[in-house]
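Chemist: Right, I'll just put the structure down here and ask away after.
The values are calculated or read from the model by the stated rules, or taken from the named source; none is laboratory data. Fair warning: this is a prediction, and the values are worked out from it, not measured in the lab. Note: ideal-geometry Cβ built from the backbone for every residue, glycine included; neighbour counts use all protein chains shown.
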Amino acid sequence: MHIGFAGPIPAAFLRDSFGCEPPPTDGPTFIGQLVHGWLEQGHRVTVYAHHTELRQPWAKADGPLRAVVVPRRRRARDYLRDYFRVEREQLASAMREHRPDVVNAHWTYEFALAALASGRPAYVTAHDAPLRCAWEMRTAFRWLYNAMAVPAVHRATALSAVSPYTARHLRRCLGVRRPVRVIPNGIPVQDFPGAVVRDCAAAPVFATVLNGWGPLKNGEAVLRAFPAVRAVLPGARLLLLGQGFGPGGPAAEWAAQRSLTDGVDFAGPAAHDALLNRIAGEADVLVHPSRVEACPLTLIEAMAMGVPIVAGARSGGVPWVLDEGRAGMLADVGSPASLASAMVRLGGDRALRTRLARAGREHAMAAFDVKETAAAYLRWFGA
């Protein structure tokens, strides 16, 4: 089968696949792993993406893999004014030229609309809950951008979602009446060595990985909760990783204005491998205060590494990812007191951390292995 993939793609995947320097595209690591899974199973794949640093389309092919990256306008006001019309036309034109058997568009936005315009069977994968995310972020950009999901989900040839929560959102909030296949995100779980649960006594290290400072990711909650944690576990440390959480960034400035920096390491963004190594090497507990997630890779990777988790009991797909609390501790992330209580309990109880670490790794292996994810997509495509 010839599969078209449309969506954000990590530059590292293109670099490793073609042995040259590609455009600096950005996308989650698991996307490259998914495409690699299709290639391993003997299928042809054409990847379609866009990037702001191009003036002309970039294309490369090697054996069963081809990639096409088209230019994207730099200013959001330009491409939102016409809902990515220029970019969508270029993507759709490339899809018509290559004629894949199906186009699997990830996220329900410009890539999905391009797949629909291509005339090829458009299999659209929802990675978020569009209206819930727009509501939590409450910016004009998010409302305009997420509005593209409405035509995308109603006109798609077929729909999948990365969690039951996301599928329910499509039905209840966007009025989808057709079947929605649930196919979770996946990672190569066997490649992740299980962490050894340390006896950290009164000095546990809590890590948080979030990309973006704002109401959706809710980094404020863990910063407000941490002083109460330190009151019980005075040697505790909080390691903050991700965009917006570096020295001098918005999280650090906000915390400094409120005297909430004691014991906090504002580490900021890191390359994916470096980030995983730091969590595996330093973190006793991963704290994920996000208000809503569909199928968060951060939690799946932590489970695969055997790092116990505290995350939101009502944060969209989070309870499902954590096997309804059997593979991680659930808390009310809207309440710093509730979050602090869960952090203290897990940080101070080695036996509980050991049990949740073991349960998390077993659950990750059973439910989120990328080889099964790739195979589930192929069954959905009818391959």
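Chemist: Does Glu301 qualify as being over 25 Å from Ala134 (Cβ atoms), buried (at least 24 other Cβ atoms within 10 Å of the Cβ) and among the acidic types (Asp, Glu)?
Modeler: Yes; evaluated as a whole, the condition is true for this residue.
Chemist: For the range 327-370, which positions are within 21 Å of Leu297 (Cβ to Cβ) and among the basic types (Lys, Arg)?
Modeler: Selection gives Arg358, Arg361.
Chemist: Let me ask something additional. Pull up the range 2-30, narrow it to residues that are in contact with a strand residue (DSSP E or B) (Cβ under 7 Å, 6 or more places away or on another chain) and aliphatic (A, V, I, L, M), then point me to the one that is farthest from Val162 (Cα to Cα).
Modeler: Filtering the range 2-30 for residues that are in contact with a strand residue (DSSP E or B) (Cβ under 7 Å, 6 or more places away or on another chain) and aliphatic (A, V, I, L, M), the one farthest from Val162 (Cα to Cα) comes out as Leu14.
Chemist: If you don't mind, another one. Would you check which residues across the range 111-127 are closer than 16 Å to Ala149 by Cβ and surrounded by fewer than 24 Cβ atoms within 10 Å (Cβ to Cβ) and list them?
Modeler: As a first pass, look at the range 111-127 and keep what is closer than 16 Å to Ala149 by Cβ: 111-117, 122-127.
Hits for the range 111-127 are Leu116, Ala117, His127.
Chemist: Any residue in the range 287-304 that's more than 13 Å from His127 (Cβ to Cβ) and assigned by TED's automatic domain parsing to the domain that holds Ser338: show its pairings with residues that are among the basic types (Lys, Arg) and surrounded by 24 or more Cβ atoms within 10 Å (Cβ to Cβ) at Cβ separation under 6 Å, as long as the two are six or more apart or on different chains.
Modeler: Ser290/Lys217
Chemist: Return the residues of the range 151-179 that are of a type in the set (A, V, I, L, M), surrounded by fewer than 21 Cβ atoms within 10 Å (Cβ to Cβ) and touching a Leu at 6+ places or on another chain (Cβ under 6 Å); say none if nothing qualifies.
Modeler: Val176
Chemist: Of the residues that make up the range 305-314, is at least one surrounded by fewer than 21 Cβ atoms within 10 Å (Cβ to Cβ) and either under 26 Å from Trp107 (Cβ atoms) or within 19 Å of the chain's Cα centre (by Cα) (or both)?
Modeler: Taking the range 305-314 and keeping what is surrounded by fewer than 21 Cβ atoms within 10 Å (Cβ to Cβ), we get 313-314.
Okay, now just the ones that are also either under 26 Å from Trp107 (Cβ atoms) or within 19 Å of the chain's Cα centre (by Cα) (or both), so 313-314.
Checked against the condition, which is being surrounded by fewer than 21 Cβ atoms within 10 Å (Cβ to Cβ) and either under 26 Å from Trp107 (Cβ atoms) or within 19 Å of the chain's Cα centre (by Cα) (or both), the range 305-314 yields at least one hit.
Quick grid of which residues meet (1) part of a helix (DSSP H, G or I); (2) surrounded by fewer than 23 Cβ atoms within 10 Å (Cβ to Cβ); (3) among the basic types (Lys, Arg):
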{"position": "Glu324", "(1), (2), (3)": "yes, yes, no"}
{"position": "Val333", "(1), (2), (3)": "no, no, no"}
{"position": "Leu339", "(1), (2), (3)": "yes, no, no"}
{"position": "Arg361", "(1), (2), (3)": "yes, yes, yes"}
{"position": "Ala375", "(1), (2), (3)": "yes, yes, no"}
